[in-house]
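J.: Pasting in a structure now, in structure tokens, and then I'll have a few things to ask.
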Amino acid sequence: MNEVKFTQKIIWSLPFPAILVRGSRSDFELIFANEAFLKITGKKVDEVIGESLSDHISESGKNGLSDLLNALKNVFQKGKEVQVSSRRYIFQDRNSEWFGEKTFKVILTPINDSKSSRLTLLTFYEDLSRDKQGSTYEQNKKLERLRDETQKIARVGSWEVDLQKNTFYWSDMIKEIHEVSPDYEPDLESAILFYKEGEDREKIREVVQNAINTGEAFDVELQIITEKGNKRWVRVTGKSKMKDGATIRIFGATQDIHKKKMTELESMRVLKNFHERVKEQQCLYEISKLCNLKTETDDLLARAVEIIPEGWQYPDITVASIKYGDKIWQTKGFVETDWTLRCKKDVSDKHSLSITVSYTKPKPKLDIGPFLKEEKLLLESIISNLVLATERIENLKKLEELNTSLQKRTAELTRSNNELEQFAFVTSHDLQEPLRMITSFLTQLEKKYGEQLDEKARRYIYYAKSGAKRMRQVILDLLEFSKMGADENKKTTIDLNEIVNEVLSQNRRMVEELYAVINVNELPVIQGYKPSIRQLFRNLIVNALKYHQEGQPPKINLSAEETDKQWLFSVRDNGIGIDPAYHEKIFEIFQRLHNFEEFEGTGIGLAICKKAVQRHGGEIWIESQPGIGSTFYFTIPK
Ligand code: ADP
């Protein structure tokens, strides 16, 4: 059975007129009437339900129904019980004629149904004393009983203190609310002691005393501790009656509003919590927005410190401070008090960042400790965000610095490289002329005076000539090295099989003399700078022939492997091999492992190879063992 149905059932059995109305702004609709009410009007339930209140009841006198309607509006808006003092009412009968004029006191009690539309219960108490008719003791007794029953619905009881007779009265409902036995005899002091010690008890004392002293009415919501030790919210209203300027009686009602109050408090608590969480999220959102926006640590932290207090329960008394390295940012009037929350984290192992949040003064009635557990979490989230942002900003700065210095170094390197190549080109070019002169005069000397010279002198001339020849080779190689790539600015399609054939035919005599066996696997067609690629293959093949083992015909194998992004080439021989200690050195210019008598050469060949491969964005390296052979690998990106 829902609440309204239950209420209706009770109302139905009441022997005095009672109706339930639903409030609307303009009029009040009757939604239920009891038997006693119907008896007066002579109508059936379904004839009155849905009708307007003013169609069935009216007040005699010129105000009509306005007092009652005003009272109803009051109940509807404030949700509090209202009493309309005794007035004369007339009810409309089945013949639409007004009759039954009697004096009634009307009590309007708010009732909430489960759909939370406000209903009001109107109970009409015939004021027998006013009408002075049929006022018997019996009738009065009956009326009292009936009133008690109505009070039960709203769990409201009455009390009275007669200051002259020094008596104290509690109705049964009040005793029930206080969980005392029906024969409990209260007095003013013991009644007050039921109120919760502290604020509640002080308040009731104050309002009662005030009612006695000045006659002022009161209406308060306080907590009592019942006889059985249960905490219960009650609403106490009181009035005083004065005689000759002195209060002789104070009386009122006490209503059990525990259920309602608890719901109210709970929703207030939920609402407050919700509000706090929203504030915390808002603060965190502002901080993370800053973190994404700011590019300077100082700027970020100076702004962040101002935002932090906004996330706390009491922003007005909250101050914050951020310390990073030896710098500090603080909100205005920052002080560290006993109500302080701290958090510290390292930023990239260098400095640490710490945040302090303080309440500048103690807040009375702080709910749980000085800080909420959510506020501790909030502080941790804020610091994590700031640490990440600070790290990001600093890393970015370092990267920028690195980039600038790298760019500077690259520029320097390019310049010195260019200068070196320029120098090599100029010197090799300029040296050719005097060298030609030396060679030609030595040849002249040999030709014209050769027969006059002795054997020793002729040998000297021979050495000088072969030195000059070697020098010429060095100059030519150097010239080639420095010129490399200068006139290559466009890649072309190169069939590597053709290149290898070309190299082999140029060196056919050497191949034949050495009985070399050269195996060339199918090589690809690539995009590249032809002169560089030709030099690369020529130098590697010639070296493989040249550095063969004494008395052993060279066996050379050329092959290529394809991957997604590049070609991997290898040139393998069975020559003298190279000690791993020199595997990197040999690619440097002028680095040779043999003297001229052993193997002819200038030490420029592999440097040219390296330069050629690098020009194509590839790499070159060697795997070799002395006495077994060497394999040169290089890659050419596609
Ligand atoms: P060069 O051949 O003119 O001396 P390179 O730059 O071509 O100059 O080679 C540098 C050195 O690397 C050579 O002096 C030689 O000692 C070694 N080398 C090059 N190729 C081979 C090879 N296939 N087998 C063994 N040693 C080699």
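J.: Got a number for residues in segment 170-197 being loosely packed, with under 13 Cβ neighbours inside 10 Å and touching a strand residue (DSSP E or B) at 6+ places or on another chain (Cβ under 6 Å)?
T.: Selection size over segment 170-197: 1.
J.: Just the residues that are modelled with pLDDT under 95 and touching a Lys or Arg at 6+ places or on another chain (Cβ under 7 Å), please, taken from segment 504-541.
T.: Correct list: 527, 528, 529, 532.
J.: Could you check residue 374 against (1) among the acidic types (Asp, Glu); (2) touching a helix residue (DSSP H, G or I) at 6+ places or on another chain (Cβ under 7 Å); (3) closer than 17 Å to residue 324 by Cβ and say which number it fails?
T.: Only one criterion is unmet by residue 374, namely (3).
J.: Quick one: which of 494, 475 is at pLDDT 85 or above and of a type in the set (A, V, I, L, M)?
T.: Numbers: 475 fails: at pLDDT 85 or above.
From the options 494, 475, the qualifying one is 494.
J.: Would you be able to say whether some residue in segment 481-490 is more than 30 Å from residue 427 (Cα to Cα), in contact with a helix residue (DSSP H, G or I) (Cβ under 9 Å, 6 or more places away or on another chain) and not acidic (Asp, Glu)? Reasoning before the result, please.
T.: We begin by selecting, within segment 481-490, every residue more than 30 Å from residue 427 (Cα to Cα); these are none.
Within segment 481-490 (the criterion being more than 30 Å from residue 427 (Cα to Cα), in contact with a helix residue (DSSP H, G or I) (Cβ under 9 Å, 6 or more places away or on another chain) and not acidic (Asp, Glu)), the answer is no, since none of the residues qualifies.
J.: Has segment 477-492 got at least one residue that is exposed (fewer than 12 other Cβ atoms within 10 Å of the Cβ), without any contact (Cβ under 8 Å) to a residue 12 or more places away in the chain, under 30 Å from residue 638 (Cα atoms) and of a type in the set (S, T, N, Q)?
T.: Checked against the condition, which is being exposed (fewer than 12 other Cβ atoms within 10 Å of the Cβ), without any contact (Cβ under 8 Å) to a residue 12 or more places away in the chain, under 30 Å from residue 638 (Cα atoms) and of a type in the set (S, T, N, Q), segment 477-492 yields at least one hit.
J.: Does segment 626-638 hold any residues that are more than 58 Å from the chain's Cα centre (by Cα) and near the ligand (Cβ under 8 Å from one of its atoms), and which are they?
T.: Quick first cut of segment 626-638, residues more than 58 Å from the chain's Cα centre (by Cα) only: 626-630.
Listed by number, the residues that qualify are 629, 630.
J.: Just the residues that are of a type in the set (D, E, K, R) and within 12 Å of the ligand (Cβ to nearest atom), please, taken from segment 568-625.
T.: Within segment 568-625, the subset of a type in the set (D, E, K, R) is 572-573, 579, 584-585, 588, 592, 597-598, 600, 610-611, 615, 619, 623.
If the condition is that a residue be of a type in the set (D, E, K, R) and within 12 Å of the ligand (Cβ to nearest atom), then 572, 573, 579, 584, 585, 588, 592, 598, 600, 610, 611, 623 are the ones that fit.
J.: Would it be correct to say that residue 28 is aromatic (Phe, Trp, Tyr), modelled with pLDDT of 80 or more and more than 59 Å from the chain's Cα centre (by Cα)? Please lay out each step first, then the result.
T.: On the way: aromatic (Phe, Trp, Tyr): yes; modelled with pLDDT of 80 or more: yes; more than 59 Å from the chain's Cα centre (by Cα): no.
Criteria not met by residue 28.
J.: Could I ask something else about it? From the list 55, 46, exactly one residue is among the acidic types (Asp, Glu) and at pLDDT 80 or above. Which is it?
T.: Details: 55 fails: at pLDDT 80 or above.
Just one listed residue meets the conditions, 46.
J.: Within segment 612-628, can you find the residues that are in a strand (DSSP E or B) and surrounded by fewer than 19 Cβ atoms within 10 Å (Cβ to Cβ)?
T.: Step one: filter segment 612-628 for residues in a strand (DSSP E or B), giving 620-625.
Scanning segment 612-628 gives 621, 623, 625.
J.: Now a separate question. Return the pairs, sorted by first residue and then second, in which the second residue is modelled with pLDDT under 95 and assigned to a loop (DSSP other than H, G, I, E, B), the first residue lies in segment 290-305 and is among the basic types (Lys, Arg), the beta carbons are less than 9 Å apart, and the residues are 6+ apart or on different chains.
T.: 303/294
J.: Yes or no: segment 368-387 includes at least one residue that is touching a strand residue (DSSP E or B) at 6+ places or on another chain (Cβ under 8 Å), assigned to a loop (DSSP other than H, G, I, E, B), surrounded by 15 or more Cβ atoms within 10 Å (Cβ to Cβ) and not acidic (Asp, Glu). Step through it out loud before you land on a result.
T.: Pass one, segment 368-387, residues touching a strand residue (DSSP E or B) at 6+ places or on another chain (Cβ under 8 Å): 370-371, 375-376, 379-380, 382-384, 386-387.
In the following step, the residues that additionally are assigned to a loop (DSSP other than H, G, I, E, B) were identified as 370-371.
From what is left, the residues that are surrounded by 15 or more Cβ atoms within 10 Å (Cβ to Cβ) are 370-371.
Subsequent filtering for residues that are not acidic (Asp, Glu) retains 370-371.
Yes: one or more hits.
J.: Scan segment 535-585 for residues that are over 15 Å from residue 601 (Cβ atoms), buried (at least 19 other Cβ atoms within 10 Å of the Cβ) and of a type in the set (D, E, K, R) and report the count.
T.: Going through segment 535-585 one residue at a time, the tally reaches 2.
J.: A further question follows. If a residue must be β-branched (Val, Ile, Thr) and touching a residue at least 24 places away in the same chain (Cβ under 8 Å), how many such residues does segment 269-287 contain?
T.: So the first thing to find is which residues in segment 269-287 are β-branched (Val, Ile, Thr), and the list is 270, 278, 287.
Still in the list and also touching a residue at least 24 places away in the same chain (Cβ under 8 Å): 287.
So the count comes out to 1.
J.: Just to be sure before I move on: is residue 237 within 30 Å of residue 185 (Cα to Cα) and either crowded, with 19+ Cβ neighbours inside 10 Å or not basic (Lys, Arg) (or both) in the structure I sent?
T.: Working: within 30 Å of residue 185 (Cα to Cα): yes; either crowded, with 19+ Cβ neighbours inside 10 Å or not basic (Lys, Arg) (or both): yes.
Yes; evaluated as a whole, the condition is true for this residue.
J.: Still on this structure, I have one more. At pLDDT 95 or above and out of contact with any helix residue (DSSP H, G or I) (no Cβ under 9 Å at 6 or more places or on another chain): does that describe residue 544? Can you show your working first?
T.: Numbers: at pLDDT 95 or above: yes; out of contact with any helix residue (DSSP H, G or I) (no Cβ under 9 Å at 6 or more places or on another chain): yes.
Yes, satisfied.
J.: Looking at segment 510-521, can you tell me whether even one residue there is within 16 Å of the ligand (Cβ to nearest atom), surrounded by 14 or more Cβ atoms within 10 Å (Cβ to Cβ) and under 60 Å from the mean Cα position of the chain (by Cα)?
T.: Here is the first cut: in segment 510-521, the ones within 16 Å of the ligand (Cβ to nearest atom) are 510-511, 514, 516-519.
Checking which are surrounded by 14 or more Cβ atoms within 10 Å (Cβ to Cβ) leaves us with 510-511, 514, 516, 518.
If we keep only those that are under 60 Å from the mean Cα position of the chain (by Cα) too, we end up with none.
Scanning segment 510-521 turns up no residue that is within 16 Å of the ligand (Cβ to nearest atom), surrounded by 14 or more Cβ atoms within 10 Å (Cβ to Cβ) and under 60 Å from the mean Cα position of the chain (by Cα).
Here is a yes/no grid of residues against (1) touching a helix residue (DSSP H, G or I) at 6+ places or on another chain (Cβ under 8 Å); (2) in a strand (DSSP E or B):
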| residue | (1), (2) |
| --- | --- |
| 309 | yes, no |
| 334 | no, no |
| 341 | yes, yes |
| 355 | yes, yes |
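J.: Residue 222 passes all but one of (1) surrounded by 18 or more Cβ atoms within 10 Å (Cβ to Cβ); (2) without any contact (Cβ under 8 Å) to a residue 40 or more places away in the chain; (3) part of a helix (DSSP H, G or I); which number fails?
T.: Against the list (1) surrounded by 18 or more Cβ atoms within 10 Å (Cβ to Cβ); (2) without any contact (Cβ under 8 Å) to a residue 40 or more places away in the chain; (3) part of a helix (DSSP H, G or I), residue 222 comes up short only on (3).
J.: Got a number for residues in segment 580-611 being in a helix (DSSP H, G or I) and in contact with a helix residue (DSSP H, G or I) (Cβ under 9 Å, 6 or more places away or on another chain)? So that I can check it myself, show each step before the final result.
T.: Step one: of segment 580-611, the residues in a helix (DSSP H, G or I) are 580-582, 585-587, 605-611.
Those left that are additionally in contact with a helix residue (DSSP H, G or I) (Cβ under 9 Å, 6 or more places away or on another chain): 586-587, 605-611.
Counting residues in segment 580-611 that are in a helix (DSSP H, G or I) and in contact with a helix residue (DSSP H, G or I) (Cβ under 9 Å, 6 or more places away or on another chain) gives 9.
J.: So, one more: Hey, among 631, 635, which residue is farther than 21 Å from residue 511 by Cα and part of a strand (DSSP E or B)? Spell out how you get there, then give the answer.
T.: Details: 631 fails: farther than 21 Å from residue 511 by Cα.
Criteria check complete, one pass: 635.
J.: Something else now. What tally of residues in segment 244-259 results from selecting those that are of a type in the set (Lys, Arg) and either buried (at least 16 other Cβ atoms within 10 Å of the Cβ) or closer than 30 Å to residue 167 by Cβ (or both)? Walk me through how you get there before you give the answer.
T.: Going residue by residue through segment 244-259, those that are of a type in the set (Lys, Arg) are 249, 259.
Checking which are either buried (at least 16 other Cβ atoms within 10 Å of the Cβ) or closer than 30 Å to residue 167 by Cβ (or both) leaves us with 249.
So the count comes out to 1.
J.: Something else: Which ones in segment 18-36 are free of Cβ contacts under 8 Å to residues at least 24 places away in the same chain and among the hydrophobic types (A, V, I, L, M, F, W, C)?
T.: 33, 36
J.: Give the residues of segment 537-567 that are within 12 Å of the ligand (Cβ to nearest atom) and β-branched (Val, Ile, Thr), sorted by residue number.
T.: 541, 542, 556
The values are calculated or read from the model by the stated rules, or taken from the named source; none is laboratory data. This structure is a prediction, so every number in the text was calculated from the model and none was measured. All Cβ positions, even for glycine, are placed from backbone atoms using ideal geometry, and neighbour counts span all protein chains on display.
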